[in-house]
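Asker: Encoded as structure tokens, here's the structure I'll be asking about.
The values are calculated or read from the model by the stated rules, or taken from the named source; none is laboratory data. Note that this is a predicted model, so its numbers are computed, not measured. In this analysis, Cβ positions are derived from the backbone assuming ideal geometry, glycine residues included, and neighbour counts consider all displayed protein chains. Accessible surface is based on the protein model in full, side chains and every heavy atom, while ligands, DNA and RNA are left aside. Shrake-Rupley method; radii C 1.70, N 1.55, O 1.52, S 1.80 Å.
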Amino acid sequence: GYVHIDNIFYGNKTENFKWKRLNIDTDNTAEQQQISITSDFINGEIAGEYTFKDFANSLKNIVSQFIPSVIPPTPNSQQELNPNNNFNWHLTVNPHIKVAQMLNLPVVLTDTARIDGFVGDSLQAMQVNVSIPHMYAGVSQFKEINVNLGNNKNNLQLNAQANILNIEDEATLVEVKGSAENDSIDLSIDWDAHSQPKYNGSVRLGSRLS
């Protein structure tokens, strides 16, 4: 099936904008489902086996392996409710500065961002990768943002880094690393400023949940 929309207009008392197209195409076979999105704003595809209403349960079941005290696993009596999502996605989000300003969005992209990942119930695994070359969050300016969240057999891992720019475009590199395993969470935050005078630091945190 498909949904094709041309010429989307939005306006307020002072400004307006136009999206030329929004196309959503679906192709379902016995082996795979696929959604393709083509528009001025977001483009990409989602492919595999999926039921979106069960997506939250898929994430819950995967994460509960590592922090069951916070996110309990599905009880045996409800195993029939377990989802069977095995799919990947590859999306790009184009900058739309005017739209963000009109809608007062908290985040404004100024370059094309990528969001890739997969969820595999059969492997009890997930991976999410986000890459944003440049953006504003309020009055703060960020560049070279990379976020990776995923798990292997033993733990759930987070790796994130970004450069925060001051008013003179001098960067402070911030790196965040975290892991969760057997109800234990470890987190580290490091920063290194390239401004004058230079400064750096780090924070290490660890906790045991029960």
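Asker: Can you spot a residue in segment 153-170 that is within 18 Å of Tyr199 (Cβ to Cβ), surrounded by fewer than 17 Cβ atoms within 10 Å (Cβ to Cβ) and under 16 Å from the mean Cα position of the chain (by Cα)?
Answerer: yes
Asker: Would you be able to say whether some residue in segment 1-18 is at pLDDT 85 or above and either open to solvent by less than 50 Å² (accessible area, probe 1.4 Å) or of a type in the set (Asp, Glu) (or both)?
Answerer: no
Asker: Let me ask something else about it. Could you grab me the full set of residues in segment 171-184 that are open to solvent by less than 60 Å² (accessible area, probe 1.4 Å) and touching a residue at least 60 places away in the same chain (Cβ under 8 Å)?
Answerer: Residues satisfying the conditions are Ala180, Asp183.
Asker: Name the single residue, out of those in segment 45-59 being part of a helix (DSSP H, G or I) and small (Gly, Ala, Ser), that is nearest to Phe87 (Cα to Cα). Walk me through how you get there before you give the answer.
Answerer: So the first thing to find is which residues in segment 45-59 are part of a helix (DSSP H, G or I), and the list is 52-59.
Still in the running and small (Gly, Ala, Ser): 56, 58.
Numbers: Ala56: 14, Ser58: 11 Å.
Step by step, filter segment 45-59, then rank; the result is Ser58.
Asker: Oh, and also: In this structure, is Thr92 at pLDDT below 85, among the β-branched types (Val, Ile, Thr) and either farther than 21 Å from Asn151 by Cβ or open to solvent by less than 30 Å² (accessible area, probe 1.4 Å) (or both)?
Answerer: Numbers: at pLDDT below 85: no; among the β-branched types (Val, Ile, Thr): yes; either farther than 21 Å from Asn151 by Cβ or open to solvent by less than 30 Å² (accessible area, probe 1.4 Å) (or both): yes.
Against the criterion (at pLDDT below 85, among the β-branched types (Val, Ile, Thr) and either farther than 21 Å from Asn151 by Cβ or open to solvent by less than 30 Å² (accessible area, probe 1.4 Å) (or both)), Thr92 does not qualify.
Asker: Is it fair to say Leu209 is over 21 Å from the mean Cα position of the chain (by Cα) and in contact (Cβ under 8 Å) with a residue 40 or more places away in the chain? Write out each step before concluding.
Answerer: On the way: over 21 Å from the mean Cα position of the chain (by Cα): yes; in contact (Cβ under 8 Å) with a residue 40 or more places away in the chain: yes.
Spelling it out, Leu209 is indeed over 21 Å from the mean Cα position of the chain (by Cα) and in contact (Cβ under 8 Å) with a residue 40 or more places away in the chain.
Asker: Suppose we filter segment 115-155 for residues that are hydroxyl-bearing (Ser, Thr, Tyr) and free of Cβ contacts under 8 Å to residues at least 24 places away in the same chain; how many remain? Break it down into steps so the answer makes sense when it comes.
Answerer: Taking segment 115-155 first, the residues hydroxyl-bearing (Ser, Thr, Tyr) are 122, 131, 136, 140.
Those still in the list that are free of Cβ contacts under 8 Å to residues at least 24 places away in the same chain too: 131.
Residues in segment 115-155 being hydroxyl-bearing (Ser, Thr, Tyr) and free of Cβ contacts under 8 Å to residues at least 24 places away in the same chain: 1 in total.
Asker: Let me ask another. Hey, among Thr51, Thr38, Thr112, which residue is of a type in the set (Val, Ile, Thr), open to solvent by 40 Å² or more (accessible area, probe 1.4 Å), under 30 Å from Glu181 (Cβ atoms) and touching a residue at least 12 places away in the same chain (Cβ under 8 Å)?
Answerer: The match here is Thr51.
Asker: Kindly indicate the residue of segment 19-35 that is open to solvent by 70 Å² or more (accessible area, probe 1.4 Å) and not charged (D, E, K, R) and also farthest from Lys98 (Cα to Cα) among those meeting that condition. First the steps, then the outcome.
Answerer: Start the filter on segment 19-35 by keeping residues that are open to solvent by 70 Å² or more (accessible area, probe 1.4 Å), which leaves 20-21, 27-32.
This time we only want the ones that are not charged (D, E, K, R), so: 28-30, 32.
On the way: Asn28: 36, Thr29: 39, Ala30: 42, Gln32: 37 Å.
Ranking the qualifying residues of segment 19-35, first place goes to Ala30.
Asker: Looking only at segment 115-152, how many residues end up being surrounded by fewer than 18 Cβ atoms within 10 Å (Cβ to Cβ) and touching a Leu at 6+ places or on another chain (Cβ under 6 Å)?
Answerer: 3
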